[in-house]
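Structure first, then comments.
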Amino acid sequence: MSVLIMAGQLILGLSILVILHEFGHFLAARAFGIKVEKFYLFFDAWNFSLFKFNYKGVEYGIGWLPLGGYVKIAGMIDESMDTDQLAGPPQPWEFRSKPAWQRLIVMLGGIIVNIIVGIFIFWVMTIRYGETYIPNANIKNGIVPGTIGQKMGLRAGDKIVGVNDKPVERFEDLISSKVLLDKTVLNVQRGEQKLDIKVPPTILNDLSDYGIEEFIGRLPRTTFMVATVVPNSYAAKAGLQKGDSVVAVNTAPVHYYDEFQKELKKFKNKSVNLTVKRSGNTVPLTAQVNKEGMLGFADVSKGAYGISVKTDLPKDTTVKYGFFGSLPVGATKAWGMFTDNAKGISKIFTGQVKARKAISSPIGIAVMFGSHVDWIRFWSLVGFLSMVLALTNLLPIPGLDGGHTVFLLIEMIKGKPLSDKFLERAQIVGFVLLISLMVFAFGNDIIKQISKH
């Protein structure tokens, strides 16, 4: 069921974006009097479609090959490779008969719509939810670095007070693109000592392998006590009760929750001695640790690790914006995603990030949506993917909008169009490149998923 939920969210999200992208081309073409012959979600390869109908001279439909969508514009060499229409003289309602600047707008129409959609989604979400964050100044016990952070030199309890000598306002900024994509130096306070720790330019490779939690935990370091115990769990069988504070695992003292978790993971499938503070008294207990290194059930989906923990997390802050005040905030978020992905692509070309670490197929995207429906996450991802779709279509690859745009700009500079034969060959080259990239992305994600199991 979880796979179906992920797939359903993926199909819904991408279908919305593909339809709106193609509608941008459609709208621009119709505005300049260019005939649109087809408007398809997915590809009707070999003229086979799941559903179609004609309305005002346009064939609308859903193809069987779920690799995006397209609008077929009369008089244009596109992915359909239908060159028969170019045999005759140009007609006034054809793409090729229009001025280059009009054709350029038609090519950019889908990208423009995707940018507008991304901005709109984050604008509406900002109106509805505002911005919630933990003020970095309120972090008393520092951070919890993972494998990546520790390799860089970070330690549990470090306080990151600045990035490139600029104060950090929000704790969440420590795992943002400001830190991960730029040449970054973390200004660290470790007790009385001040340190500068560099973030390596290849960190995205490690993040692909381990995940963001292995850089810096999404939550700061906290003390803890037992809030509730699930009946019949290992925690309940050990005798843990609400209000208990675990102060030692075997002989190792623990004060913070990350220390407690770290010690338990040393004793997977074994029993441990716990020292517990209860109502001012010290109580010794013996508990069984599961294969995940926890005191509960291994199956998280059944709702129990046996224990829920009350921590001393600092209070977060929510900033609300008005209707118009939310627009620049949402636009900044959307544009930031566009530029962040551009930086990520540049890192692939400069060799700082390996392509197999950075490129994902729909399989990887489906995993991002998750195994249950969370509408905040869903729309956040759709907004993010809208900006990604705008950027990828802007790449100067034949077959993509960016490739058509480059050829049109060359035409405008030269004063005459490139030959139809050249455009046909370029389209074939672009098609081969895109199919190869898609095969690589799917294979990469399949290998990643297999290696996790």
Taking 0.36 nm per residue of separation between I435 and K354 and subtracting their Cα-Cα distance, the length gained on full extension comes to 27.2 nm
Counting other C-beta atoms within 10 Å, and keeping those with at most 15, which DSSP coil GluC sites (Glu not before Pro) do you find in segment 146-223?
E169, E192
Could you grab the relative contact order for segment 103-184? Cα pairs under 8 Å, six or more apart, rounded to a whole percent.
24 percent
Surface share of carbon and sulfur [accessible, 1.4 angstrom probe, percent] for the chain
63 percent
Can you give me the distance in nm between label points at V124 and V161, each placed 7 Å from the Cα along the Cα-to-Cβ direction?
4.4 nm
Taking R0 as 30 Å and r as the Cβ-Cβ distance between I212 and F23, the FRET efficiency 1/(1 + (r/R0)^6), rounded to the nearest 0.05, comes to 0.30
Would you mind checking which residues have amide H under 5 Å from G243's amide H? H placed 1.01 Å from N; only 5 or more apart, or other chain.
V226, A227
Vicinal HN-Hα couplings computed from phi for segment 136-149 (Karplus, 6.51 cos²θ - 1.76 cosθ + 1.60; Hz; Gly/Pro x):
4, 5, 8, 7, 8, 9, x, 9, 10, x, x, 4, 5, x
Show me 151-161, 363-373 ranked by packing, highest mean number of other Cβ atoms within 10 Å first.
151-161, 363-373
Computed lengthening from S271 to L67, 0.36 nm per intervening residue step minus Cα-Cα distance
68.3 nm
With a Förster radius of 22 Å, plug the Cβ-Cβ distance of S419 and Q91 into 1/(1 + (r/R0)^6) and report the FRET value to the nearest 0.05.
0.70
Using θ = phi - 60° and the Karplus form 6.51 cos²θ - 1.76 cosθ + 1.60, what ³J(HN,Hα) does each residue of segment 159-169 get, whole Hz, x for Gly and Pro?
10, 8, 9, x, 10, 6, 6, 10, x, 9, 8
Label point distance in nm, K242-N281, each placed 7 Å from Cα along Cα→Cβ
2.0 nm
Determine the per residue accessible area of the chain with all protein chains present and a 1.4 angstrom probe, expressed in square angstrom.
54 Å²
Report the extension gain between Q288 and S177 in nm, rounded to one decimal, defined as 0.36 nm multiplied by the number of residues separating them, less their alpha carbon distance.
35.9 nm
If R0 is 51 Å, what FRET efficiency do you get for L395 and K310 from their C-beta distance, rounded to 0.05?
0.55
In order over segment 308-324: 3J(HN,Hα) from phi, Karplus 6.51/-1.76/1.60, θ = phi - 60°, whole Hz, x for each Gly or Pro, gives 10, 10, 9, 10, 9, 4, x, 5, 7, 10, 10, 10, 9, 10, x, 4, 7
So the angle from the long Cα axis of helix 375-394 to the longest Cα principal axis of the chain, reported in degrees to the nearest 10, equals 40 degrees
Once you place label points 7 Å from the Cα toward the Cβ at T132 and K320, how far apart are they in nm?
1.4 nm
Mind listing the long-range amide H neighbours of V163? Cut-off is under 5 Å, sequence gap 5 or more, other chains count too, H placed in the peptide plane at 1.01 Å from N.
V168, N187
Diffusion constant of segment 61-196 at 37 °C, which comes from Stokes-Einstein with the Kirkwood Cα-pair radius and 0.692 mPa s, µm²/s
160 µm²/s
Nonlocal amide H pairs with L65, under 5 Å, H built at 1.01 Å
F43, A45
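The values are calculated or read from the model by the stated rules, or taken from the named source; none is laboratory data. If you're wondering where the values come from, they're calculated on a predicted model, not measured in any experiment. All Cβ positions, even for glycine, are placed from backbone atoms using ideal geometry, and neighbour counts span all protein chains on display. Just the protein is used for accessible areas: all its heavy atoms, side chains included, with ligands, DNA and RNA removed. Shrake-Rupley method; radii C 1.70, N 1.55, O 1.52, S 1.80 Å.
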